[in-house]
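The values are calculated or read from the model by the stated rules, or taken from the named source; none is laboratory data. Just so it is clear, the model here is predicted, and its values are computed rather than measured. All Cβ positions, even for glycine, are placed from backbone atoms using ideal geometry, and neighbour counts span all protein chains on display. Areas reflect the complete protein model, heavy atoms only, side chains present, ligands, DNA and RNA absent. Shrake-Rupley method; radii C 1.70, N 1.55, O 1.52, S 1.80 Å.
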Amino acid sequence: AEAARVAAAGKAYSFGGATTEGFDCSGFVVYVFNRVFGAGNPPRITAEGLRNSALFTAVSDKPRQGDLVFFSNNGETATHVGVVASADQWIGSQSSTGVAYVRMQNTYWKPRFLCYRGHKQFFADVRKLPLRTRRPASAVA
């Protein structure tokens, strides 16, 4: 996820985007997971599609680095998704910031939290991805 963030630095959010030239939220997540698990795992789908995908399983209230975090505008349907970077932040592509780290306690995202999900075949190497564990200066408050 960090490598994708660096590659997309300075690029604006792009609705439907799935490359380092511009990502939307699910495009960023799919890009990161495809780099780890291979193309098509998962396929290019929406945040709600990722939440309901058989590739992912429910996670307790203590997510691990690499798990997915979902948000909703209506409390039912996933309308946004990111990748957990640490206990206190996640990384995703937002229309307001492009690809960026966001604190879990962010006043916009916290009330929209829906659930966490983890990849069923999450290899140990995934947890060794170069994700920052401290809040970078660019993290959204």
Quiz item: Whose amide H sits under 5 Å from the amide H of residue 23, counting only residues 5 or more places off or on another chain, with H placed in the peptide plane?
Solution: 14
Exercise. With a probe of 1.4 Å, find how much accessible area the stretch 1-112 has per residue, and write the answer as a whole number in Å².
Key: 46 Å²
Quiz item: In nm², what is the average projected area of the convex hull enclosing the Cα atoms of the stretch 1-117?
Solution: 6.4 nm²
Quiz item: What's the carbon and sulfur percent of the stretch 1-68's accessible surface, probe 1.4 angstrom, rounded to a whole number?
Solution: 55 percent
Quiz item: HN-Hα J couplings of the stretch 10-22 from phi, Karplus 6.51/-1.76/1.60, θ = phi - 60°, integer Hz, Gly and Pro as x?
Solution: x, 8, 6, 4, 9, 4, x, x, 9, 10, 5, 7, x
Practice problem: With a point put 7 Å past each Cα toward its Cβ, work out how far residue 104 is from residue 88 in nm, to one decimal. | Solution: 1.1 nm
